[in-house]
Amino acid sequence: MRKARHAPRSWAGPRSSGSPLLLVDAEAEGGAKASLILQNAETIRLVAPGGNAISVVNLAAGDKILGCVLEGGRHFGMAVKETIREK
């Protein structure tokens, strides 16, 4: 089980308008940590224990979500090579 901590973030990508994004910091029972950057929209959902979907707009600190810890980044489930440049 993971405990989620989230905070709203704004990010302007290659498009001309910014997308409202959400940063979710999670920690697995074994101590592995993960950060997720998700679009802050009703249609973006995570899976709660028991298999129920939980929309990220209803996600609260301390909520438990299911996940899988893998190496590298993912986009729509596909592995991607990624880099982050902070300015």
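Just need a number here: residues in the stretch 1-54 that are modelled with pLDDT under 80 and of a type outside the set (D, E, K, R). Quick ask: steps written out before the conclusion?
Kept after step one, since they are modelled with pLDDT under 80, are these residues of the stretch 1-54: 1-19.
Of the ones still in play, those that are also of a type outside the set (D, E, K, R) are 1, 4, 6-8, 10-14, 16-19.
Of the residues in the stretch 1-54, 14 are modelled with pLDDT under 80 and of a type outside the set (D, E, K, R).
Residues in the stretch 51-87 that are exposed (fewer than 12 other Cβ atoms within 10 Å of the Cβ), among the β-branched types (Val, Ile, Thr) and out of contact with any strand residue (DSSP E or B) (no Cβ under 6 Å at 6 or more places or on another chain): how many? Don't jump to the end; show me each part of the working.
First pass over the stretch 51-87, keeping only residues exposed (fewer than 12 other Cβ atoms within 10 Å of the Cβ): 51-53, 58, 60-62, 68-72, 75-87.
Now restrict to residues that are among the β-branched types (Val, Ile, Thr): 69, 80, 83-84.
Now drop any that are not out of contact with any strand residue (DSSP E or B) (no Cβ under 6 Å at 6 or more places or on another chain), which leaves 69, 83-84.
Number of matching residues: 3.
Working only within the stretch 34-60, note down all residues that are in a loop (DSSP other than H, G, I, E, B) and within 17 Å of Leu21 (Cβ to Cβ). I'd like the intermediate steps shown before the answer.
Step one: of the stretch 34-60, the residues in a loop (DSSP other than H, G, I, E, B) are 40-44, 48-52, 59-60.
Those that are in a loop (DSSP other than H, G, I, E, B) and within 17 Å of Leu21 (Cβ to Cβ): Asn40, Ala41, Glu42, Thr43, Ile44, Leu59.
Considering only residues that are at pLDDT 75 or above and of a type in the set (A, V, I, L, M), which ones fall in the stretch 58-87?
Answer for the stretch 58-87, where residues must be at pLDDT 75 or above and of a type in the set (A, V, I, L, M): Leu59, Ala60, Ala61, Ile65, Leu66, Met78, Ala79, Val80.
The values are calculated or read from the model by the stated rules, or taken from the named source; none is laboratory data. Small disclaimer: the values here were computed from a predicted structure and weren't measured. Note that we place each Cβ from the backbone using ideal geometry, even for glycine, and neighbour counts take in every protein chain shown.
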